[in-house]
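For reference, the structure is listed below as structure tokens.
Laboratory data are not the source of any read-out in this text; all were calculated from the coordinates shown. Note that the coordinates shown come from a computational prediction; the quantities given were computed from them, not determined experimentally. Here the Cβ positions follow ideal geometry from the backbone for every residue, glycine too, while neighbour counts run over all protein chains shown.
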Amino acid sequence: MTALAKEAQSGNIAAMMRALAHGAKTASRELSQASGAAKDSALRAAAGALRDNEAEILAANVKDVAAGRQKGLSAAMVDRLTLNRERVAAMARGLEDIAALDDPVGAVLGEWTRPNGLLIQRVRVPIGVIGVIYESRPNVTADASALCLKSGNAVILRGGSESFHSNHAIMACLGVGLAAAGLPAASVQLVPTRDRDAVGAMLKMDDLIDVIVPRGGKSLIARITAESKVPLFKHLEGICHTYVDKNADPARARDVVVNAKMRRTGICGATETVLIDAAAAQTLGPQIVSGLLDAGCEVRGDAAVRALDPRVRTADAADWDSEYLDAIVSVKTVEGVDGAIAHIEEHGSHHTDCILTEDADAAERFLNKVDSAIVMLNASTQYADGGEFGMGAEIGIATGKLHARGPVGVEQLTTFKYLVRGQGQCRP
């Protein structure tokens with residue numbers, strides 16, 4: 001048993017967390033100077049370890065899934081928790097994809113020479129120590145670690161109690177990668193306890209942790225927002241919308257809406273509300289609604305939508321503000337593009353919203369006026385994912401506006417500093 005684990009077992013959570021954070025701070029200094037080759041070597045070795053230890057990872061996950069079902073987790077939450085051979089392979093590929101990205105550290109973002117001869121450069125540098133607090137999805141352990149490592153940051157991971165065994169099995173593979181590349185073991189650390197006090201301790205350590213990325217439900221985000229002394233990249237709920245304009249292509253609209261809702265209902269990019277142009281309610285509405293129902297989705301609609309199909313249930317006021325993360329969707333008719341924009345502004349979470357239309361003017365109005373981190377045209381909201389954006393993976397979808405917005409990848413996990421070179425200039 002490690003010293004940290006002993007501290008956790010003894011109940012001295014605050015001391016354990018400070019020791020863990022001190023280790024991360026020390027490691028971050030070394031990582032900030034690590035070569036791109038060393039970081040990439042660690043990621044590729046970790047990917048190999050994931051593949052080599054697939055059986056152990058899946059066995060650990062079986063324990064978590066069984067406990068989750070016994071605990072009464074919803075089907076969508078169980079899906080988020082579950083690993084299989086394909087998902088383990090996807091984690092490994094994700095690490096390799098991140099390794100293949102350009103190293104962001106040291107990139108010169110701007111350079112100019114002042115009339116007095118001073119050469120000024122704005123250079124990308126790591127943030128330092130990243131804390132990630134997340135629920136359910138064990139793949140976050142691999143993705144977040146890889147993104148932080150690639151960007152030269154140390155990371156402290158506090159996964160959900162429901163994925164405890166899976167996270168530790170994945171963490172062991174990341175440790176193999178760090179050791180193979182000769183990087184500090186404290187570069188990537190997993191909090192070794194399920195005790196909720198560990199989260200409280202992290203939120204107070206603004207002297208050791210530079211930023212925290214929370215990923216989870218409303219209660220977790222509310223607690224972290226209220227208590228944290230550390231700056232946050234908030235990954236809030238995904239109340240994502242797909243708006244079907246009167247000029248949408250009928251076949252495309254049906255296919256995209258069904259995919260946006262039903263491909264994986266438990267991810268944050270799943271569409272939770274479908275808005276249909278009132279002018280197209282009788283022409284496009286029936287096939288949109290029947291497509292969702294036939295795919296096994298419960299549809300809750302307003303009066304106009306209920307009139308399209310007797311299987312539609314009545315939507316109440318709470319439905320327009322709900323992230324179901326399940327095979328449930330709310331559907332509402334709106335007065336054109338402006339009606340859709342107004343609804344999204346009132347009920348959305350500024351995550352991802354989409355318009356389906358062949359009208360270029362309507363598309364541009366929607367794309368420019370919807371104030372969300374990701375705004376899409378004629379594509380499933382399920383593409384709201386760092387991997388699909390070519391970023392290798394993501395640590396979350398930031399719905400705020402400062403520093404990072406949208407998928408948080410390696411570039412978003414860096415900041416910058418100014419390097420100023422002179423030849424003895426003195427300011428008059």
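State which helices in the chain qualify, where a helix is a whole DSSP H run, it must extend 15 Å or more along its own axis by its Cα atoms, and its mean Kyte-Doolittle hydropathy must be at least -1.0.
Helices passing the filter in the chain: 13-31, 36-52, 54-71, 85-100, 139-150, 164-181, 250-262, 336-347.
Which part of region 109-146 falls in the paramagnetic zone of Lys417, meaning amide N under 19 Å from the point 7 Å along Cα-to-beta-carbon?
It comes to 109-112, 119-130, nothing else.
On a full-extension model of 0.36 nm per residue, what is the gain between Gln121 and Ala179, subtracting their alpha-carbon distance, rounded to one decimal in nm?
Additional length available on full extension: 17.5 nm.
For Glu358, enumerate residues with amide H under 5 Å from its amide H, sequence gap 5+ or separate chain, H modeled in the peptide plane.
Asn247, Ala248, Asp249
Is there a quick way to get the dipole size of region 75-201? I mean about its Cα centre, with the Cβ of Lys and Arg at +1 and of Asp and Glu at -1; what is the value in debye to the nearest 20?
With Lys and Arg at +1 and Asp and Glu at -1, about 160 debye.
Write down the radius of gyration of region 364-428 and its Dmax, each obtained from C-alpha positions, in Å.
18.3, 59
Give me the tail of P(r) for region 123-215 as a percent: Cα-Cα pairs with distance above 19 Å. Each step should come with its number before you reach the end.
On the way: 1551 of 4278 pairs.
The share of Cα pairs beyond 19 Å in region 123-215 comes to 36 percent.
Take the alpha-carbon positions of region 214-299, form their convex hull, and give its projected area averaged over all directions (one quarter of the hull surface) in nm².
On the way: hull surface 27.3 nm².
So the Cα hull casts an average projection of 6.8 nm².
How do Trp112, Trp320 line up, fewest other C-beta atoms within 10 Å first?
Trp112, Trp320
For Cα pairs less than 8 Å apart in space and 6+ apart in sequence, what is the mean separation divided by the residue count of region 240-383, i.e. the relative contact order in percent?
Working: 298 pairs, mean separation 48.3, N = 144.
After rounding, I find 34 percent.
Assign unit charges at the C-beta atoms only (+1 for Lys and Arg, -1 for Asp and Glu), then state the dipole size of region 240-383 relative to its Cα centre in Debye, rounded to the nearest 20.
480
Viscosity 1.002 mPa s, temperature 20 °C: what is the translational diffusion coefficient of region 240-383 from Stokes-Einstein with a Kirkwood Rh over Cα pairs, rounded to a whole number of µm²/s?
Numbers: Rh = 14.3 Å.
For the chosen part, D equals 149 µm²/s.
Amide H of Val211 versus every other amide H placed in the peptide plane: which residues, excluding those fewer than 5 positions away on the same chain, fall under 5 Å?
When sequence neighbours closer than 5 places are left aside, the close amide H contacts are Val129, Gly131.
Mind listing the long-range amide H neighbours of Val188? Cut-off is under 5 Å, sequence gap 5 or more, other chains count too, H placed in the peptide plane at 1.01 Å from N.
Answer set, sorted by chain and number: Val155.
For Lys261, list the lysines whose Cα falls under 25 Å from its own Cα; do not include residues on the same chain fewer than 8 positions away.
Counting by Cα, and skipping residues close in sequence, Lys261 has these lysines nearby: Lys218, Lys234, Lys246, Lys332, Lys369.
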